[in-house]
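Enquirer: First the structure, then my questions, so here it is.
The values are calculated or read from the model by the stated rules, or taken from the named source; none is laboratory data. Only a predicted model underlies this, so the values are computations on that prediction, with no experimental measurement involved. Counting neighbours? That spans all protein chains shown, and the Cβs are built from the backbone with ideal geometry, glycine included. When the accessible area is computed, the model is the full protein with side chains, heavy atoms only, and any ligands, DNA or RNA have been set aside. Shrake-Rupley method; radii C 1.70, N 1.55, O 1.52, S 1.80 Å.
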Amino acid sequence: MTSERVRWVMGTLCSIKAPGASLDVVTAAFEELERWDRILSVHKEESELSGLNRAAGLGPLRVSADLFVAVACALRFAELSEGLFDPTVRPVLRSGPQALGLTGWREVELDARARTIELPVQGMEFDFGGFGKGWALDRAAQILRESGVEAALLNFGGQILAVGAPNGAEGWLVHVPGAPEPIVLRDASVAVSGDSERPGHIYSPFDGRPVRRLGSAAAVCSSAVEADAWSTPLYILGRNPRFFRGRSFFEIRDNGGRL
């Protein structure tokens, strides 16, 4: 028996295929995705993240353990990518380079003992775009594993997370842009960033301008959050960032893109 279901979550379709798993287990995984959407969404006024953004410039805000650890992890990836991944870039997406003064991942202040987060400038915003799907995928997969699921394939708006392998196979065969043939994915994830579906939606965190480069870049990592967080830096640079340790595939034709 193969349990496969599809739901609309975080503004996109997510499918979960889990051979032998009960529908209750698959449903629990979807519910975990939806729980994180309620925490991390910038599009829901009632989300905890929206509350944090409204508190920008008002001092430290005590938050849930869930939001605190997610923000801390996002800032860690910002550091590893040397700012190519910047979860504070949202004001630039709306207003362009003139909003660069409202960005800066280094300005976000965390207090682990008090479990507070401070966005020091009014108008500053934290955004889990390019991170949140991967973060939620890893937690949904953990629900499946804890329920005894040994093989599953999760497709969250094009980002793939493979748990284990189908019976008798080395892993799941996955088509990746830039790869000469399908790759075998097992206990790993692949995320793709590019400019084709929504031209101009990826901005450089350094000059606040859209990065316009034809094609895409794919990151293959051991966790979904790593793949999600690294795919945009790969696309912006057009090559591997210094601290990237996964596999990468490029299908990029430079068209005067900005770095």
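Enquirer: Among the residues of segment 180-193, write down those that are touching a residue at least 40 places away in the same chain (Cβ under 8 Å) and either open to solvent by 20 Å² or more (accessible area, probe 1.4 Å) or among the polar types (S, T, N, Q) (or both).
Expert: Within segment 180-193, S189, S193 qualify.
Enquirer: Within segment 1-26, how many residues turn out to be assigned to a helix (DSSP H, G or I) and either loosely packed, with under 14 Cβ neighbours inside 10 Å or acidic (D, E) (or both)?
Expert: Counting residues in segment 1-26 that are assigned to a helix (DSSP H, G or I) and either loosely packed, with under 14 Cβ neighbours inside 10 Å or acidic (D, E) (or both) gives 2.
Enquirer: Consider L75 carefully, then state whether it is in a helix (DSSP H, G or I), at pLDDT 95 or above and among the hydrophobic types (A, V, I, L, M, F, W, C).
Expert: yes
Enquirer: Can you find, within segment 246-259, the residue that is nearest to P87 (Cα to Cα) among those that are at pLDDT below 95 and in a loop (DSSP other than H, G, I, E, B)?
Expert: L259
Enquirer: Taking segment 218-243 as the search range and keeping residues that are hydroxyl-bearing (S, T, Y) and surrounded by 20 or more Cβ atoms within 10 Å (Cβ to Cβ), which one is farthest from F85 (Cα to Cα)?
Expert: In this case the residue turns out to be Y235.
Enquirer: Identify all residues within segment 72-94 that are closer than 19 Å to Q122 by Cβ, buried (at least 21 other Cβ atoms within 10 Å of the Cβ) and either touching a strand residue (DSSP E or B) at 6+ places or on another chain (Cβ under 8 Å) or among the polar types (S, T, N, Q) (or both); write none if there are none.
Expert: If the condition is that a residue be closer than 19 Å to Q122 by Cβ, buried (at least 21 other Cβ atoms within 10 Å of the Cβ) and either touching a strand residue (DSSP E or B) at 6+ places or on another chain (Cβ under 8 Å) or among the polar types (S, T, N, Q) (or both), then T88, V89, V92 are the ones that fit.
Yes/no matrix, rows are residues, columns are (1) closer than 15 Å to F131 by Cβ; (2) assigned to a helix (DSSP H, G or I); (3) touching a helix residue (DSSP H, G or I) at 6+ places or on another chain (Cβ under 6 Å):
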residue	(1), (2), (3)
E32	no, yes, yes
R35	no, yes, no
R38	no, yes, no
E45	no, no, no
V69	yes, yes, no
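Enquirer: Answer with yes or no whether I236 is in a helix (DSSP H, G or I), of a type outside the set (S, T, N, Q) and at pLDDT below 95.
Expert: Judged against the criteria, I236 is a match.
Enquirer: On to the next question. Please name all residue pairs, on different chains or six or more residues apart, with Cβ atoms under 9 Å, provided the first residue is in segment 236-253 and is closer than 17 Å to F206 by Cβ and of a type outside the set (S, T, Y) and the second residue is modelled with pLDDT under 90 and surrounded by fewer than 18 Cβ atoms within 10 Å (Cβ to Cβ).
Expert: I236/R258; I236/L259; L237/L259; G238/D254; G238/L259
Enquirer: Something else: Quick check on segment 141-179: of everything there that is touching a helix residue (DSSP H, G or I) at 6+ places or on another chain (Cβ under 6 Å) and among the polar types (S, T, N, Q), which residue is most open to solvent (accessible area, probe 1.4 Å)?
Expert: S147
Enquirer: Now for a separate question. G129 - would you say it is surrounded by fewer than 22 Cβ atoms within 10 Å (Cβ to Cβ) and within 18 Å of F85 (Cβ to Cβ)?
Expert: In short, yes.
Enquirer: Follow-up. Between a first residue in segment 108-132 that is under 14 Å from A229 (Cα atoms) and a second residue that is surrounded by 15 or more Cβ atoms within 10 Å (Cβ to Cβ) and β-branched (V, I, T), which pairs have beta carbons less than 8 Å apart while being 6 or more apart in sequence or on different chains?
Expert: Sorted first by the residue in segment 108-132, then by its partner, the pairs are D127/V42; D127/T88; D127/V89; F128/V42; G129/V42; G130/T232; F131/V225.
Enquirer: Residue by residue through segment 31-68, note down the ones that are exposed (fewer than 13 other Cβ atoms within 10 Å of the Cβ) and either touching a Cys at 6+ places or on another chain (Cβ under 6 Å) or of a type in the set (A, V, I, L, M) (or both).
Expert: L58, A65
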